[in-house]
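Participant: Please read through the structure below; I'll follow up with questions.
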């Protein structure tokens with residue numbers, strides 16, 4: 001019923017797919033029937049693990065509609081729950097799952113698209129209140145300096161000539177990060 005592709009750090013390749021759904025029993029209800037399920041397939045499509053999720057108020061009719069993998073590694077499962085068909089209420093479960101968190105790529109800075117044509121998005125992967133984003137050419141000359149309070153900031157690269165550039169982040173908490181930007 002729901003699917004999230006888990007990307008590698010280069011965002012071009014996939015580390016796998018997290019699937020969500022439910023099972024449904026015919027005639028009789030057995031343990032783990034009508035339950036929210038998660039299944040993780042690696043990049044080659046091989047099953048790595050599966051889990052079922054029981055909420056506090058598990059009913060006879062639990063049906064997953066969608067799942068969302070958040071950047072912090074938590075998962076939100078949404079669906080319906082009822083004692084009998086036709087009397088459903090929404091059921092939303094938020095999980096912090098170590099196995100899923102371990103799948104997520106850890107990064108300090110992410111640039112996309114990269115290579116870039118007109119605009120690039122700079123995503124900062126650690127906590128801060130304010131940060132400076134500086135763009136340098138390969139000779140070390142500073143071309144842009146932006147202040148941001150957002151974890152994702154859009155920068156204009158239209159005036160840049162084709163080549164490689166350096167993005168440097170400095171935060172109010174003293175953290176720094178660097179990444180290469182390619183202008184096509």
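The values are calculated or read from the model by the stated rules, or taken from the named source; none is laboratory data. Everything numeric in this text was worked out from a predicted model, so none of it was measured. Glycine gets a Cβ as well: all are built from the backbone with ideal geometry, and neighbour counts include every protein chain shown.
Participant: Exactly one of these conditions fails for residue 106: (1) under 15 Å from residue 178 (Cα atoms); (2) at pLDDT 70 or above. Give me its number.
Facilitator: Every listed condition holds for residue 106 apart from (2).
Participant: Filter region 59-78 for residues that are surrounded by 15 or more Cβ atoms within 10 Å (Cβ to Cβ) and over 30 Å from residue 151 (Cα atoms); which is modelled with the lowest pLDDT?
Facilitator: Among them, the one singled out is 59.
Participant: Right, here's the next one. For region 104-138, how many residues are surrounded by 15 or more Cβ atoms within 10 Å (Cβ to Cβ), part of a strand (DSSP E or B) and touching a residue at least 40 places away in the same chain (Cβ under 8 Å)?
Facilitator: 9
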